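Engineer: Before anything else, here's the structure in question.
Read-outs: derived from the displayed coordinates by stated rules, not from any lab. Given the structure is predicted, the values throughout are model-derived calculations rather than measurements. Please note: Cβ atoms are built from the backbone with ideal geometry, for glycine as well, and neighbour counts cover all protein chains shown.
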Amino acid sequence: MSAGVSTASDLTRLTAAQTGAAIAAGEISAVETTRAHLERIAAVDARVHAFLHVDAEGALAAAAAVDARRAAGEQLGPLAGVPIAVKDVIATSGLPTTCGSRILEGWVPPYDATVVRRLREAGVVVLGKTNMDEFAMGSSTEHSAYGPTHNPWDLDRIPGGSGGGSAASVAAFEAPLAIGTDTGGSIRQPAAVTGTVGVKPTYGGVSRYGLVALASSLDQAGPCARTVLDAALLHEIIAGHDPLDSTSIDSPTPPVVEAARAADVRGMRIGVVRQFAGEGYQPGVQQRFTEAVALFEDLGATVVEVDCPNFDYALPAYYLILPSECSSNLARFDGMRYGLRVGDDATHSAEEVMALTRAAGFGAEAKRRIILGTYALSSGYYDAYYGQAQKVRTLIVRDFDAAFAQVDVLVSPTTPTTAFPLGERVDDPMAMYLADLCTIPSNLAGNASMSVPCGLSPDDGLPVGLQMIAPPMADDRLYRVGGAVEAALRDRWGHLLIEEAPPL
Amino acid sequence: MTVTTDRLPSYDEAVAAFDPVIGLEVHVELGTASKMFCGCSTTFGAPPNSQVCPTCLGLPGSLPVLNGAAVESTVRVGLALNATIVPWCRFARKNYFYPDMPKNFQTSQYDEPICVDGWLDVELVTEDGARTVRVEIERVHMEEDTGKSLHVGGATGRIHGADHSLVDYNRAGIPLIEIVTRPVEGAGAQAPELARAYVTALREIMRGLGVSDVRMEQGSLRCDANVSLRPGPEAPLVTRSETKNVNSLRSVERAVRHEIRRQAGRLTAGERVVQETRHWHEDTGITTPGRSKEQAEDYRYFPEPDLVPVAPDRDWVERLRAELPETPDARRIRLLDEWSLSEFDLQSMVNAGAVDLVAQTVEAGAPVDAARKWWLGEIARVANERGVALDELPITPAQVAAVVALVEAGELNDTLARQVIEGVLAGEGEPAEVVAERGLAVLSDDTALLAAVDAALAEQPDVAEKIRSGKVAAAGAIVGAVMKATRGQADAARVRELVLSRCA
């Protein structure tokens, strides 16, 4: 094939689209591709720590099954035999699912999440489960009970969070694809700080069945990849109506692959959100963003500035809604039915065992949010906190509606800064929360959003993410715009940004 | 602190001094084939934890999907109770920790119930004849049942003192509806009877709709009774107690009666009535305190984000309304006419819970009088003995009709028929099988009867002499002896004829 495949390390450098095509054409086998990635994991993951669990046996068996199907003359799908890493918040039958928490240590789900079922049906090979902030609460993966993940660009820096493991696995060429989940930016912010592509599909576009809930009304699973087309191919496999998820949208998935291939922004109207700039934004990030906006005009799009005044209240509203739902969603972890159990020594009541288990099993951030949410929902406070936050949410939806009446896509930096050093914000929740300032409004409104790399920040040489936001069920616009940015920058640089990451 | 009943004022003293106001919350398990939010079976009595899945076990990542049949049943109940079916409603989460609740929250409707503002007219028998009281229904809402805890060891079967507890989640997620009345005023001293009559009427309606088997002893209909006492009918409503676990019709009446006496005792002694949950004890006939309102949980209700709002289609609701079965009231009026019964006769059938059973027996071919005679006579006696409702006995209207048919055909007399019913109730099979197995048949062979008559006359020569001398009344003794000798299988009228002809 044209990519000139010769060594195992070459196999890990291919895009998912290339790998899938080569397997379907019989140029390479799924087994050798899988083995190459397992070897890469063995070689680098001690330093990156993207994975919590690697299922070499299961992955090789799944790959062998794909090879057998091809040998039997079956026409394979575009990602059959392509390896993938799955965030540990997604239930995988027969594979541990810890959510980065002690409280679920040793739990092996008896069922597959719909996303995982669809992956398996498409012949995508699950390599293992990736590290994350406990129950997806955090922006650095430092809140994992199993130790942090390291950013492949600089091992002393955070890979973003909560899906730092998924983004890092893709950035470190341990997997060409990963599944992430995004409640307030947990796919996009890690993508931004690792120089990869991350997509939060429209809420309801991808089934949440089997995604261990943090905040049910905000959570959405989506693709992590190194290219926009790879993300689109994965998006197409995992998206679509699921009768097991009542909030799943029963209408056709937008044509994301077609849009990624078109990669054309001519005639599109692009809106720059005025609120996402100024204080707190790293100058290098601001500079790369400004250049990206200029690029849109070069590519034939119209750029206007739009005002979303209520976005200023998004973060506080989010930190009432999320903890409220989280306090309820995490109530089931009580040591009664599965996972950790503490104090079951015939001297404690069931209630005491529950309390001891939760005290020992949850980390500080999980406890902080459970307490916040319990308080916000308490009788006498509900209206002032949860009720007000829901009103803000409605106002944010209206801001988006007004903005999308003027433009097709909104853009902003994905996150105000590049990857910060490990340890810098772990004891400063407010500083940590600010990493999601630009990504949160999309979760509150349930629309679609993507981060693509737009260069390295001149002040620290680290990747900067460009965020695009499209109306609900207009996910294809993201791929059209993201694909165009990616292609233009690749033309400019001669390669993808990720190729500039230092070797591990 | 044990309150003994002998220190309480008498019921008459209590209702002379205070005006009781009651409120009833009735939970009904819907008889749908599957659970409220998953596809698991709802069959009663299956082996523990054999009817469970990730959703009703609350496994991480699982999601609820609303059972459409349960919504339909609830709407039909609402329509039958003259309620308004709202255009739009939601579920909420009721958060509290308990081992038999898999998610540690119950998915239940809260401030947005599906049916509101209904009523049910209830008949009370008074010295001056029947009196109708309209019970206003505030709401009918949907929720899911919890699992069941079994406390092992310890004397009481309660959690206190138990060695360990087992939980069966088969019941977790069974669809429940809760029917809540407004405060019912104006029943005066008849408040306990009204409570019972209301629950009886509700049961009839549920049965008529076919939405539940409403078996109180199996817990498919459960009643909580609120009671408060005020100085007089014009006084404002005051603090109430809520008595739980009232699980038979008789108990509903007794529990309300007891609470009236208990509260009157406190008020008379200058103490206050505490707003609290109380437990009913069937054996001792008293209530004891549960949690008081001061210790009550804050359930932190908020709208369930995993479900979408329910918006019943208006045309569908109207179709369901048009297809409602005849109401018990309308049927009562019809039967009164068709069966030429007095109000009193009908009321006694209603009170015995025999209307349906008699109607079905009549449909199966029995004359009204015969059907009434058996259900209100022998069968009612057995039900009373066993302390169960008529329809809880293992005998069907079809079987009773079969017995009646045998009597009409002259193959059984009443004595034998009673034995057949006894056999059916003892599980010996269908009436025909009991007849065959026990060898029950009227002796229609005069030769055999004559032999028995002669033997009886020979044994009591003095009686025989009296009859011969014209004292015909004395024949009774001989008839009795013959009936005894033939184990009731003879036709007494024929025996009498034979005795008289022998002594002529």
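Engineer: How much net charge surrounds residue A:31 when only the other residues with a Cβ under 14 Å from the Cβ of residue A:31 are counted, with Lys and Arg +1 and Asp and Glu -1?
Structural biologist: Here the charged neighbours net out to -2.
Engineer: Read phi for every residue in region B:275-284 and hand back ³J(HN,Hα) as whole Hz from Karplus 6.51 cos²θ - 1.76 cosθ + 1.60, θ = phi - 60°, with x for Gly and Pro.
Structural biologist: Couplings: 6, 7, 8, 10, 9, 8, 10, 4, 5, 9 Hz.
Engineer: Looking at chain B, send over the antiparallel percent of its DSSP beta bridges, to the nearest 5.
Structural biologist: In chain B, DSSP labels about 90 percent of beta bridges as antiparallel.
Engineer: Looking at this model, which pairs from A:391/B:94; A:391/B:244; A:391/B:35; A:129/A:200; A:87/B:148 are more than 31 angstrom apart at the alpha-carbon?
Structural biologist: Beyond 31 Å between Cα atoms: A:391/B:244; A:391/B:35; A:87/B:148.
Engineer: In addition: What is the distance in Å between the Cα centres of region B:218-265 and region B:340-376?
Structural biologist: Here the two parts' Cα centres lie 31 Å apart.
Engineer: Under a 5 Å amide H to amide H cut-off, with H placed in plane at 1.01 Å, what residues pair with residue B:92 once short-range neighbours are removed?
Structural biologist: Placed amide hydrogens put B:108, B:109, B:110, B:304 under 5 Å from residue B:92.
Engineer: Between region B:59-114 and region A:436-504, what is the C-alpha centre distance in whole Å?
Structural biologist: Computed from Cα coordinates, the inter-centre distance equals 42 Å.
Engineer: Find, among the GluC sites (Glu not before Pro) in region A:1-92, those assigned to loop by DSSP (not H, G, I, E, B) with at most 14 other beta-carbon atoms within 10 angstrom.
Structural biologist: In loop regions of region A:1-92 (DSSP not H, G, I, E or B), the sparsely surrounded GluC sites (Glu not before Pro) are A:27, A:74.
Engineer: Subtract the Cα-Cα distance of residue B:134 and residue B:386 from 0.36 nm times their separation in residues, and report this length gain in nm to one decimal.
Structural biologist: 87.5 nm
Engineer: Tell me what the protein assembly as shown gives for mean residue ellipticity at 222 nm when only DSSP H runs of n ≥ 4 count, each as -39,500 (n - 2.57), the sum divided by the residue total, rounded to 500 deg cm²/dmol.
Structural biologist: Taking each H run of at least 4 residues, the total per residue is -11500 deg cm²/dmol.
Engineer: Would you order A:357, A:394, A:130 from fewest to most other beta-carbon atoms within 10 Å of each residue's own beta-carbon?
Structural biologist: Final ranking by Cβ density, sparse to dense: A:394, A:357, A:130.
Engineer: If you don't mind, another one. Rounded to the nearest 20 Debye, what is the dipole magnitude of chain B about its Cα centre when Lys and Arg each give +1 and Asp and Glu each give -1 at the C-beta?
Structural biologist: Roughly 920 debye for chain B.
Engineer: Calculate how steeply helix B:446-459 sits against the longest principal axis of the alpha-carbon atoms of chain B, using the helix alpha-carbon long axis, and give the answer as 0 to 90 degrees to the nearest 10.
Structural biologist: Its long axis makes an angle of about 80 degrees.
Engineer: Shielding by partners for A:91-97, please: the mean number of other protein chain Cβ atoms within 10 Å of each residue's Cβ.
Structural biologist: 1
Engineer: Starting from the coordinates of the alpha-carbon atoms of region A:193-342, obtain the Kirkwood hydrodynamic radius over all distinct pairs and give the value in Å to one decimal.
Structural biologist: After inverting the mean inverse Cα-Cα distance, the result is 18.8 Å.
Engineer: Within a Cβ distance under 13 Å of residue B:129, other residues only, what is the Lys/Arg minus Asp/Glu net charge?
Structural biologist: Around residue B:129, the charge tally is -3.
Engineer: Same structure again: At q = 0.09, 0.12 Å⁻¹, what log₁₀ I(q)/I(0) does a Debye calculation on the Cα points of chain A give, no solvent, two decimals?
Structural biologist: -0.56, -1.01
Engineer: Can I ask one more? Compute the distance from the alpha-carbon center of region A:315-388 to that of region B:183-207, in whole Å.
Structural biologist: After rounding, the separation between the Cα centres reads 41 Å.
Engineer: Taking only complete DSSP H runs, can you tell me which helices of chain A stretch 24 Å or more along their own long axis by Cα positions and average at least 0.0 on the Kyte-Doolittle scale?
Structural biologist: Counting only whole DSSP H runs, the qualifying helices are A:30-48.
Engineer: Apply the Karplus curve 6.51 cos²θ - 1.76 cosθ + 1.60, θ = phi - 60°, to the phi angles in region A:407-413 and return the couplings in whole Hz, x for Gly and Pro.
Structural biologist: These are the phi-based 3J(HN,Hα) values: 9, 8, 9, 9, 10, 6, x Hz.
Engineer: Once you compute Rg and the Kirkwood Rh from C-alpha atoms, what is the Rg to Rh ratio for region B:327-438?
Structural biologist: 0.97
Engineer: Can you check what the net charge comes to around residue A:373, using other residues whose Cβ is under 10 Å from the Cβ of residue A:373 (Lys, Arg +1; Asp, Glu -1)?
Structural biologist: Taking every other residue near residue A:373 into account, the sum is +2.
Engineer: Taking one equal scatterer on every alpha-carbon of the protein assembly as shown, how large is log10 of I(q)/I(0) by Debye at q = 0.04, 0.08 1/Å?
Structural biologist: -0.30, -0.87
Engineer: In sequence order, what are the phi-derived ³J(HN,Hα) couplings for region B:401-413 according to the Karplus relation 6.51 cos²θ - 1.76 cosθ + 1.60 with θ = phi - 60°, rounded to whole Hz, with x for glycine and proline?
Structural biologist: The phi angles translate into 4, 5, 5, 4, 4, 5, 5, 4, 7, x, 7, 10, 9 Hz.
Engineer: Can I ask one more? Provide A:251, A:186, B:241 in ascending order of the number of other Cβ atoms located within 10 Å of each residue's Cβ, fewest first.
Structural biologist: Least to most surrounded, the residues fall as A:251, B:241, A:186.
Engineer: Would you order B:435, A:464 from fewest to most other beta-carbon atoms within 10 Å of each residue's own beta-carbon?
Structural biologist: Lowest count first: B:435, A:464.
Engineer: In chain A, what % of DSSP beta bridges are antiparallel (nearest 5)?
Structural biologist: Within chain A, antiparallel bridges account for around 65 percent of the total.
Engineer: What do you get for the angle between helix B:328-338 and the principal long axis of chain B? Use alpha-carbon atoms, 0 to 90 degrees, nearest ten.
Structural biologist: Value to nearest ten degrees: 20.
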